[in-house]
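Below is one structure, written out as structure tokens; the observations come after it.
Bear in mind these aren't lab numbers, they're just calculated from the coordinates by the rules spelled out. Computed from a predicted model, the values in this text were never measured in an experiment. For neighbour counting, all protein chains shown are included, and Cβ atoms are generated from backbone atoms with ideal geometry for every residue, glycine included.
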Amino acid sequence: MTEIRVIKTNGSITAVDCRGHSGYAACGEDIVCAGISTLVQTALLGLLSVAHIKVKYQRNEKDGVLSFNLPENLDETSRRDADMILGTMLCGLSDLYTEYSDFMKLEVNE
């Protein structure tokens, strides 16, 4: 099961921790794992390459780990950009969760 924890502070996502493999299908054929990975990795790439936010992240492909934390003191524009990127990620993850909750856990802490 893939476990995803999203941390919000003052209504904004400030950290994401994604761990494990979903177990929906064999490696390379697992559409749940692929969907989760695509959503989370694309959000991280958007933060780094589009919004130019220096996000601290760690990744371990073997163990299925991708986690990142946003800097604490973002300016107003960067915060707005991060909110849009991460809000979109959370919408996608939530939608995926409605169909595949047996293979993923989604926790949002505020």
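Summarised as an ellipsoid, the chain has semi-axes of 24, 14, 12 Å, derived from the eigenvalues of the Cα gyration tensor scaled by 5 and square-rooted, with the largest first.
Which one of GLY11, ALA26, THR98 is farthest out on the positive end of the charge dipole of the chain, using unit charges on Cβ (Lys, Arg +1; Asp, Glu -1) and the Cα centre as origin? Going by the Cα projections, it comes out as GLY11.
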